[in-house]
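Only one structure is covered here, and it is reproduced in the block below.
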Amino acid sequence: MEKITEFFSFSDTTILTVTLGSILLGILGSVVGVFTYLRKRVLIGDVIAHSVLPGLVLGFLVLNEKSFIVLLIGALISGGLSSFLVDYITHHSKLKTDAALALVLGVFFGFGTFLLTKLQGHSGASQAGIDAYLFGQAAAIDLFDVQVIGVCCVLLLLTLLIFFRGFNILSFDEQFAYSIGMPTQWLKFVLTSMTIITVALGVQLVGVVLMSALLITPTSAARFWTSKVKIMLLLAALFGAFGGLSGALISYLNYRMPTGPWIVIVLSFLAFLSFVFAPKKGVLFRLFSNVFFKIKIQKENILKDLFLLENETIEIEELQEHQPSQSVFNRWVQRILVYEKKIKKMENRRFTLTALGRAQGSKIFERHKLWEKYIGKYMHLMRDHVHTDAEGIEHIIDEEIERDLKSSI
Amino acid sequence: MIENVKDPSLEAHNLTVFYQKRPAIWNLDFTLPKGKIIGIMGPNGSGKSTLLKSIMGILKPNDGWVKVFQRKIDDVRFKVSYVPQRQSIDWDFPTNVFEVAKMGRISSKGLFKRFTKTDLEIVKESLHRVNMYDMRNRQISELSGGQQQRTFLARALSQEADLFIMDEPFAGVDAASEKAIIGLLNELKSKGKTLLVVHHDLHSAKNYFDWLVLLNTRLVGSGPLEKLYTDELLSETYGGTLTSLSKIATKIEKQGLPIRHK
Ligand SMILES: Nc1ncnc2c1ncn2[C@@H]1O[C@H](COP(=O)(O)OP(=O)(O)OP(=O)(O)O)[C@@H](O)[C@H]1O
Ligand SMILES: [Mg+2]
């Protein structure tokens, strides 16, 4: 607790720079990631991130200096080169995009790892550390770095804001965008450049291996909650910022825990929560809507059967035919109906309808008949087929459809 | 059988497009009239979509050129509306019907200008005309094939173009939607618009089009429906010639073909 207040007082400049850097990169990564996702270019983000490695190491080897700017330039060059190569290979060879992506990633990352091993024997390499390249080293971010990140962040977000319309329509329908005279090549170039710059800025924080997670996780999480691109951008940015902040906090509370991986873990957790709990698209919602529908069908079947039994319009055998077995589920649904005061339990474990239940049962039966009539009139089905069909449809018909059906008969 | 017109809405000269080394359309020469509904017909893979894309400049011809209203396409884009094949986009994209229709207004606005009240009125009107206004807030992922197509048409209408270039607007729509769409095309025609429509069904083509372009990598014919809709020309388009043409195309792909460059 004490440490938490200490953290939020930002008395230590290191805390401030790391936290600020993490938040800014979290926002930037998520926002750029939204369009990478919408344009289905998720994998290219991953390829660029991995391909940045040789640039990083070469920058260090050549200039013998591990400053932010040197790393940044190295990353920009090799990231840009890799993205250019992917495009070139897909357009000028028989290789499809996936093969080109895998090829470029393999070659660049392999070469980068090779250079890293070389680096280990290099003087002064101990402080550079392999982990720093692969998994990031947030603690190394100083005030100057944060300023660079901040300026880039503002510029990129402004670009995004200004060209939002173009990026949006490009992602939705590139051919149409071109047909109305949008500069699609240029827009694509800007978007790719933004991805490369973001990756180059971010590897310092989370490293080449986890960088693509920073691009894609907040976006995927946001997609569960909304169906509007603008809100997706806002949500993703929010998630990204939260991930950045929490990552910095957690790593501060647990000395020695690296910030970058923690950011990614928090983001993944957010994505998991979205996956489970989001309304409409979330797993729970879908699961429950499924279960509720099953319960509704079962309830209606019981009510209808009891109604038919009461009116003796149905033979006992015929009733048994579509009376589900006395399963646990069935007994459970019966209990709900009792609770809702739609049926009553009698002696010898039989049930009888209450007034409320009777009304509902008769309504369902009516709908069943209505559908049979309708389908008999319009669909030329055989009589015996009509019945099985109506067994299902009666549960779907609501007031509105009922009115429609009545008017069309 | 190729009939040429004066004052054409569209003119193609020597138009040739290759994918890698395989010709998709080859040496097309034709002119199209204004104010007509024109059907582009041919079997699968005969280069219909390729032709439309090269008209719009989405694909650059390897040889030859196209002019629209006697100008380069880049000079008249604001007068031309292109409706891509419905399957060419991802309908899971997070947006709704109204937003898609609104994209049609961007052709006159460019990247930055704001939408005005008039723009929104036009979009609204377009949605009404394709009977999608009630569904304007629907996510596009929840649309049926016919509704998707009508959304695309609303976007095209919003462009207020003079030439409409449509790639298979009837594909995968039911009879009612098809009727609605052809009604709309006729309405546009009566306002003097030109419609260039890729279509598959030979039978209905007879009732829909004033002019036909028959395509099978090469141009089989271009002219008024009455003259083009003959057993001979249709079987030339859809029949046996296809096999030899595709054999030739495969050979060219392997060996290459010296083509003239501009
Ligand atoms: N991007 C591409 N790369 C390589 N070949 C292509 C590409 N697009 C189309 N083709 C080939 O070019 C030829 C013409 O294709 P196109 O899509 O223009 O035909 P189409 O007449 O529109 O066919 P459909 O009726 O199936 O829509 C086909 O043989 C196709 O395989
Ligand atoms: Mg096609």
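Which of the numbered conditions does A:Ile69 fail, given that it passes all the others? Conditions: (1) modelled with pLDDT under 90; (2) under 23 Å from A:Ile216 (Cα atoms).
(2)
Since B:Gly42 meets every condition but one in (1) within 16 Å of ligand 2 (Cβ to nearest atom); (2) in contact (Cβ under 8 Å) with a residue 60 or more places away in the chain; (3) closer than 17 Å to B:Arg218 by Cβ; (4) within 14 Å of chain A (Cβ to nearest Cβ), which condition does it not meet?
In the conditions (1) within 16 Å of ligand 2 (Cβ to nearest atom); (2) in contact (Cβ under 8 Å) with a residue 60 or more places away in the chain; (3) closer than 17 Å to B:Arg218 by Cβ; (4) within 14 Å of chain A (Cβ to nearest Cβ), B:Gly42 misses (4) alone.
Only residues that are more than 16 Å from A:Thr192 (Cα to Cα) and in contact with a Gly (Cβ under 9 Å, 6 or more places away or on another chain): list them for the range A:74-107, please.
Within the range A:74-107, A:Gly74 is the sole residue that qualifies.
Quick one: which helices (runs of 4 or more DSSP H) lie wholly within the range A:147-235 and hold at least 3 residues that are more than 14 Å from every other protein chain (Cβ to nearest Cβ) and within 18 Å of A:Arg41 (Cβ to Cβ)?
Correct list: A:184-225.
Please work out which residue is modelled with the lowest pLDDT, limiting yourself to the range A:293-319 and to residues that are of a type outside the set (Asp, Glu) and loosely packed, with under 11 Cβ neighbours inside 10 Å.
By that ranking, first place goes to A:Ile316.
Condition test on A:Leu38, is it out of contact with any strand residue (DSSP E or B) (no Cβ under 6 Å at 6 or more places or on another chain) and farther than 29 Å from B:Tyr19 by Cα?
Against the criterion (out of contact with any strand residue (DSSP E or B) (no Cβ under 6 Å at 6 or more places or on another chain) and farther than 29 Å from B:Tyr19 by Cα), A:Leu38 does not qualify.
Looking at this structure, is B:Leu157 surrounded by 22 or more Cβ atoms within 10 Å (Cβ to Cβ) and either in contact (Cβ under 8 Å) with a residue 24 or more places away in the chain or within 16 Å of ligand 2 (Cβ to nearest atom) (or both)?
yes
Name, by its number, the condition in (1) within 20 Å of B:Gln149 (Cβ to Cβ); (2) at the interface with chain A (Cβ under 8 Å from one of its Cβ atoms); (3) not charged (D, E, K, R) that does not hold for B:Gly57.
The one condition B:Gly57 does not meet is (1).
Find the residue count for the range B:9-22, including only residues that are assigned to a strand (DSSP E or B) and either among the acidic types (Asp, Glu) or away from ligand 2 (no atom under 16 Å from the Cβ) (or both).
Selection size over the range B:9-22: 8.
Run B:Val66 past the list (1) within 12 Å of chain A (Cβ to nearest Cβ); (2) touching an Asp or Glu at 6+ places or on another chain (Cβ under 8 Å); (3) in contact (Cβ under 8 Å) with a residue 40 or more places away in the chain; (4) of a type in the set (A, V, I, L, M) and report the number of the one that doesn't hold.
(1)
How many residues does the range B:214-232 hold that are within 16 Å of ligand 2 (Cβ to nearest atom) and part of a strand (DSSP E or B)?
Residues in the range B:214-232 being within 16 Å of ligand 2 (Cβ to nearest atom) and part of a strand (DSSP E or B): 3 in total.
Of all residues in the range B:44-89, which are among the basic types (Lys, Arg), within 14 Å of ligand 1 (Cβ to nearest atom) and surrounded by 21 or more Cβ atoms within 10 Å (Cβ to Cβ)?
Scanning the range B:44-89 gives B:Lys48, B:Lys53.
How many residues are more than 22 Å from B:Met1 (Cα to Cα), within 16 Å of ligand 2 (Cβ to nearest atom) and either within 14 Å of chain A (Cβ to nearest Cβ) or over 17 Å from the mean Cα position of the chain (by Cα) (or both) if we restrict to the range B:170-212?
0
Being modelled with pLDDT under 95 and on the phi > 0 side of the Ramachandran plot narrows it down to one of B:Asn131, B:Asn137, so name that one.
Just one listed residue meets the conditions, B:Asn131.
The values are calculated or read from the model by the stated rules, or taken from the named source; none is laboratory data. Remember, it's a predicted structure, so these values are computed and weren't measured experimentally. Here the Cβ is made from the backbone with ideal geometry for all residues, glycine too, and neighbour counts use every protein chain on show.
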